[in-house]
Amino acid sequence: MTNSGRNRLIDRAFSVWGVVSTFIGIALLLMFIGIILYDGLGRINWAFFTSLPSRFPEKAGIYTSMVGTLWIVVLTLILSLPLGISAAIYLEEYAKKGRFSNILEINISNLAGVPSIIYGLLGLQIFSRTMGLGGNLLAGAFTLALLVLPIIIVATREAIRAVPGSIKDASYALGATKWQTIWLQVLPGASGGIMTGVILALSRAVGEAAPLIVVGALAYVPFVPASPMDQYSVLPIQIFNWISRPQAGFSTNAAAGILILLAITLAMNLVAVYYRSRYQRKSN
């Protein structure tokens with residue numbers, strides 16, 4: 001067999017292996033989702049959303065963890081959005097290109113791939129211990145803000161970079177300052193890409209449990225947090241708590257909680273896809 005024939009055979013074998021692996025992965029995913037649907041779909045009702053945690057599985061609900069998740073998402077958005085967009089504007093429009101800026105850009109990109117537990121350890125030391133916040137909502141929001149900041153910065157820079165240079169040139173030609181051009185032309189033109197990045201970053205924050213456990217989030221909270229200084233729980237931690245219980249009914253609650261968390265994450269990703277497609281149509 002010639003080298004070209006051997007290479008074609010290898011390419012074909014690799015293509016078949018890739019297709020088979022893809023179908024196996026999809027089949028396993030569908031099987032897992034089917035099991036979760038079978039176990040948890042019947043448990044989802046209004047009482048499940050409005051009930052407090054309980055040691056009796058049939059009375060337990062996700063009310064406190066849902067409110068805690070909402071608190072965490074809102075606080076994380078408030079903390080990370082202005083910092084992320086400001087950092088992206090500085091790096092893209094004001095920072096001088098050089099060795100320092102290159103090192104900064106590389107490190108920001110690398111931070112997006114750091115395991116979330118590392119951010120949890122960092123948040124435990126800085127926010128919970130050094131700043132004395134303990135395990136309240138504010139400490140958790142600061143930690144998740146650090147987690148999503150690199151994602152927001154990278155997405156915002158890409159969105160700003162996609163704005164046509166002719167828009168900036170026209171703004172400068174009409175006498176606008178650099179900041180007026182950024183505020184009135186660049187940011188509105190990049191808003192779709194920025195929104196997409198922010199939503200994807202928050203969808204990751206919604207599903208995180210490890211960093212929040214490290215900074216002191218509780219697995220059982222019988223009250224609803226009323227301020228950023230209160231103790232809290234979130235939906236992933238509540239699911240983890242139910243899975244670790246020996247009673248059979250709690251596994252059904254965990255499956256129902258997983259379905260709700262999947263629905264929230266899927267909805268956020270669909271919104272991101274919508275804004276991305278709308279932004280691409282507008283830019284074209």
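A few remarks follow.
- Subset of segment 123-169 (residues that are closer than 29 Å to Asn102 by Cα and surrounded by fewer than 18 Cβ atoms within 10 Å (Cβ to Cβ)): Gln125, Ile126, Glu158, Arg161, Ala162, Pro164, Gly165, Ser166, Ile167, Asp169
- Within the set Thr143, Thr156, Thr181, the sole residue that is at pLDDT 90 or above, within 14 Å of the chain's Cα centre (by Cα) and among the polar types (S, T, N, Q) turns out to be Thr143.
- Condition broken by Phe32, with the remaining ones in (1) assigned by TED's automatic domain parsing to the domain that holds Leu200; (2) modelled with pLDDT of 90 or more satisfied: (1)
- Scanning segment 164-185 for residues that are in a helix (DSSP H, G or I) and of a type outside the set (A, V, I, L, M) yields Gly165, Ser166, Lys168, Asp169, Ser171, Tyr172, Lys178, Trp179, Gln180, Thr181, Trp183, Gln185.
- Helices (runs of 4 or more DSSP H) completely within segment 186-284 that count 3 or more residues being exposed (fewer than 15 other Cβ atoms within 10 Å of the Cβ) and assigned by TED's automatic domain parsing to the domain that holds Ile167: 248-283
- For segment 63-115, filtered to residues that are outside any helix (DSSP H, G or I) and not aliphatic (A, V, I, L, M), the residue that is nearest to Val154 (Cα to Cα) is Gly113.
Yes/no per residue for (1) among the aromatic types (Phe, Trp, Tyr); (2) at pLDDT 90 or above; (3) in contact with a Gly (Cβ under 7 Å, 6 or more places away or on another chain):
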residue: Ile62; (1), (2), (3): no, yes, yes
residue: Val67; (1), (2), (3): no, yes, no
residue: Trp71; (1), (2), (3): yes, yes, no
residue: Val74; (1), (2), (3): no, yes, no
residue: Phe100; (1), (2), (3): yes, no, no
residue: Leu104; (1), (2), (3): no, no, no
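- Selection within segment 102-122 - surrounded by 13 or more Cβ atoms within 10 Å (Cβ to Cβ) and either of a type in the set (A, V, I, L, M) or more than 18 Å from the chain's Cα centre (by Cα) (or both): Leu104, Glu105, Ile108, Leu111, Ala112, Val114, Ile117, Ile118, Leu121, Leu122
- Answer residue from segment 39-49, given it is over 26 Å from the mean Cα position of the chain (by Cα) and part of a helix (DSSP H, G or I) and is surrounded by the most Cβ atoms within 10 Å (Cβ to Cβ) among those: Arg43
- Condition broken by Thr69, with the remaining ones in (1) surrounded by 13 or more Cβ atoms within 10 Å (Cβ to Cβ); (2) hydroxyl-bearing (Ser, Thr, Tyr); (3) farther than 18 Å from Ile199 by Cα satisfied: (3)
- Those residues of segment 50-59 which are in contact (Cβ under 8 Å) with a residue 24 or more places away in the chain and either closer than 15 Å to Leu218 by Cβ or not in a loop (DSSP other than H, G, I, E, B) (or both), in sequence order: Leu52, Pro53
- Pairs where the first residue, in segment 120-132, is over 17 Å from Pro228 (Cα atoms) and in the same structural domain as Asp230 (by TED's automatic domain parsing) and the second is in a helix (DSSP H, G or I) and among the polar types (S, T, N, Q), C-beta under 8 Å, 6+ apart: Gly120/Thr143; Leu122/Thr143
- Some residue of segment 27-38 being assigned to a loop (DSSP other than H, G, I, E, B), surrounded by fewer than 15 Cβ atoms within 10 Å (Cβ to Cβ) and in contact with a Leu (Cβ under 9 Å, 6 or more places away or on another chain): no
- Filter pass, Ala112 being at pLDDT 85 or above, more than 26 Å from Val224 (Cβ to Cβ) and among the small types (Gly, Ala, Ser): no
The values are calculated or read from the model by the stated rules, or taken from the named source; none is laboratory data. The structure displayed is predicted, hence computed values, not measured ones. Heads up, the Cβs are rebuilt from the backbone with ideal geometry, glycines too, and the neighbour counts pull from every protein chain shown.
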